[in-house]
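Undergrad: Below are the structure tokens for one structure; questions will follow.
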Amino acid sequence: MVEQARLSLLRVLGPLHVWALGVGIVLVGEFMGWNFTVAKGGVFGALVACWFAGILYSCVAMIDSEVSSTVASAGGQYAQAKHILGPLAAFNLGLFLIFEYSMLEAADAIVIGAIVQQLHPALSPTAFVVLTIAFLTWLNYRGVHTSLTFNAVITGVAFLTIIALLFGSEFWNPGKIIKTEELFTQLPGHADPKSPYGWLGFLAALQFGIWYYLGIEGTCQTAEECRSAPRALPIGTMSGLITLLIAATITWYVGTGLVDWVTLGSSAYPLYDAALATGKQWVIVLLFIGTILSCLASANGCINDASRAWFAMGRDQFIPKFFGGVHPKYKTPYRAILFLVPIAIAFGYTGLLDQVITFSIMSGLLMYAIMPINMIRFRRLYPMGSIKRGYVYPFHPFPSYVLLLFAAATFVAIYFGYWRNMVAALLFYLFASIWFVYHRYKMVDRSRLYTMPWPRPKGY
Amino acid sequence: MSDGTAQLINYVVWAISIGIFGWLIIDALRIETTYDRDLLVSSREGEIEKEIQAEHHDTPQGV
């Protein structure tokens with residue numbers, strides 16, 4: 001029998017591209033967003049949130065590396081959940097991914113528009129929001145290798161600007177530019193900058209601590225496009241996490257040492273403000289460039305990830321099969337890429353940065369809550385030795401329980417600040433699930449759903 | 001930079017964006033009308049694993 005010709009995504013990516021995708025999406029969180037931890041928990045609260053989120057994301061990276069080194073499929077966590085937890089969990093994870101990344105993309109574009117307008121008030125932020133999305137969409141449409149190589153370059157430069165800020169602050173000469181000792185000087189009648197609201201402030205800071213790392217889990221969206229997923233994904237994800245841990249630590253140290261905690265806690269561009277505090281023109285210029293590049297890299301990675309999740313869901317007919325289309329020349333999920341453009345522009349056009357970001361974070365956190373359950377079941381269904389693993393994460397199931405606990409604590413923190421958003425998001429996903437179970441799943445061709453040549457799971 | 005220059009930049013930015021979206025739409029329409037619809041959605045999950053297994057004549061085993 002002659003097998004029908006098939007199109008597939010191009011397998012051209014290596015560990016550097018995986019690194020560029022993961023760090024590229026996240027690094028913008030060092031340039032803005034993390035500093036709200038300082039407003040909630042003070043300087044020490046921000047450090048605790050940084051460590052706390054670091055542990056949470058270490059668990060995420062380890063779990064992702066093991067499962068995605070086995071499920072070499074576009075869709076990442078969506079595809080993993082489909083094989084391990086079932087269609088409903090997969091459908092929800094697919095939606096979490098799409099909203100997490102589409103909204104983050106919109107938020108990045110909004111920030112680029114706002115930065116450009118600061119150069120001249122007559123420049124239209126909307127025009128630059130649309131240009132950012134148009135250019136990055138074109139890049140993603142033309143091919144994954146080019147778009148992620150571009151991300152590697154701009155992410156690398158953005159990371160180097162953080163290093164430049166560290167050296168510009170003359171960290172080896174404390175007291176000259178960095179004024180860390182002022183943190184230990186409590187002025188009469190003023191709140192203690194280290195911990196103005198005590199332990200409750202520490203808890204409240206957690207929700208913003210995840211800005212340091214939010215999105216690193218997106219690396220596994222490239223699984224189907226890696227030359228060797230079992231090698232590239234663990235190396236790219238782990239090196240990405242290490243890069244982010246270094247960047248987060250420098251960011252906290254330099255930010256809190258250069259800018260007073262009240263100003264820092266409400267700053268829109270904290271690292272740029274820190275650069276201004278050094279008084280050095282070359283540092284200021286570099287941080288301006290770094291801020292823009294980090295936004296571009298993040299939006300670019302988000303387009304890549306959201307489109308892969310949408311494509312994978314289309315291929316499985318969880319949404320219309322049409323979206324599972326592959327471009328015959330560029331080998332990209334072109335229909336998914338194009339479909340998500342008006343959605344990103346619509347969110348970007350609203351200009352509601354905090355609401356857009358909160359929905360993105362909520363979607364990410366819901367995913368983190370399901371990932372440990374996914375991991376524990378994965379080890380039960382496919383014990384060691386039953387299936388090839390490119391990476392085996394250590395101390396199982398301890399990291400899964402830690403992730404579950406930390407995700408729950410962050411949910412509590414978000415509840416205090418954004419309980420309406422939380423309820424709205426949960427209701428949205430509940431209604432979407434009802435639609436899927438009672439309507440959409442009837443249309444799914446189940447013979448196409450599980451085409452991975454895996455052994456039977458234990459007990460089946 | 002004068003307000004007039006800024007306005008001109010806005011127009012150029014809009015023009016580039018429209019140009020990019022125009023190219024994307026035309027290319028997508030060309031693909032839709034040139035290729036067989038079943039071919040465009042013929043991608044399947046697990047193709048990589050099948051290829052690897054065929055190349056190495058391997059059976060799943062642990063690390």
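Undergrad: Can you pull out the trypsin sites (Lys or Arg not before Pro) in the range A:98-201 that DSSP calls coil and that have at most 13 other Cβ atoms within 10 Å?
TA: A:Lys176
Undergrad: Within 10 Å of each Cβ in peptide A:239-250, how many partner chain Cβ atoms are there on average? Round it to a whole number, please.
TA: If you average over the peptide's residues, the count of other-chain Cβ atoms is 0.
Undergrad: In degrees from 0 to 90, rounded to the nearest 10, what is the angle of the helix A:144-168 Cα long axis to the longest principal axis of chain A?
TA: Long axis of A:144-168 versus the principal axis of chain A: about 20 degrees.
Undergrad: Angle between the Cα long axis of helix A:198-209 and the longest principal axis of chain A, 0 to 90 degrees, nearest 10?
TA: Helix A:198-209 and the main axis of chain A meet at about 50 degrees.
Undergrad: Let me ask something additional. Would you mind checking which residues have amide H under 5 Å from A:Leu13's amide H? H placed 1.01 Å from N; only 5 or more apart, or other chain.
TA: So A:Leu13 has HN proximity to A:Cys226, A:Arg227.
Undergrad: Let me ask another. I need to check one value: relative contact order of chain A, counting alpha carbon pairs closer than 8 Å and at least 6 residues apart, in percent.
TA: 33 percent
Undergrad: Need one value for B:5-17: mean number of C-beta atoms belonging to other chains within 10 Å of its residues' C-beta atoms.
TA: 5
Undergrad: My understanding is that a pair violates if its Cα-Cα distance is over 25 Å; which of A:Lys40/A:Lys176; A:Lys331/A:Lys458; A:Lys331/A:Lys388; A:Lys331/A:Lys442; A:Lys82/A:Lys442; A:Lys329/A:Lys388 do that in this structure?
TA: A:Lys40/A:Lys176; A:Lys331/A:Lys458; A:Lys331/A:Lys388; A:Lys331/A:Lys442; A:Lys329/A:Lys388
Undergrad: I would also like to ask the following. List the chymotrypsin sites (Phe, Trp or Tyr not before Pro) within the range A:348-424 that DSSP assigns to loop and that have no more than 15 neighbouring Cβ atoms inside 10 Å.
TA: Passing both the DSSP loop test and the Cβ count: A:Phe395.
Undergrad: Net charge near A:Glu225, counting Lys/Arg +1 and Asp/Glu -1 over other residues with Cβ under 10 Å of its Cβ?
TA: +3
Undergrad: Shifting gears a bit: Hey, got the average number of other protein chain Cβ atoms within 10 angstrom for residues in B:31-43?
TA: Shielding by partners across B:31-43 averages 6.
Undergrad: For B:Leu8 and A:Ala424, what is the calculated FRET efficiency with R₀ set at 41 Å and r taken between the beta-carbons, to the nearest 0.05?
TA: 0.45
Undergrad: Rounded to the nearest 500, what is the 222 nm mean residue ellipticity of chain A from helices alone, with -39500 (n - 2.57) per DSSP H run of 4+ residues and division by all residues?
TA: Calculated at 222 nm, the ellipticity per residue is -23500 deg cm²/dmol.
Undergrad: What do you get for chymotrypsin sites (Phe, Trp or Tyr not before Pro) in the range A:246-307 restricted to DSSP loop and a cutoff of at most 15 other Cβ within 10 Å of the site's Cβ?
TA: none
Values in this text are rule-based calculations from the coordinates and carry no lab data. Predicted, not measured: the structure shown is a model, and the values here were computed from it. FYI the Cβ positions are ideal-geometry reconstructions off the backbone, even for glycines, and counts take in every protein chain you see.
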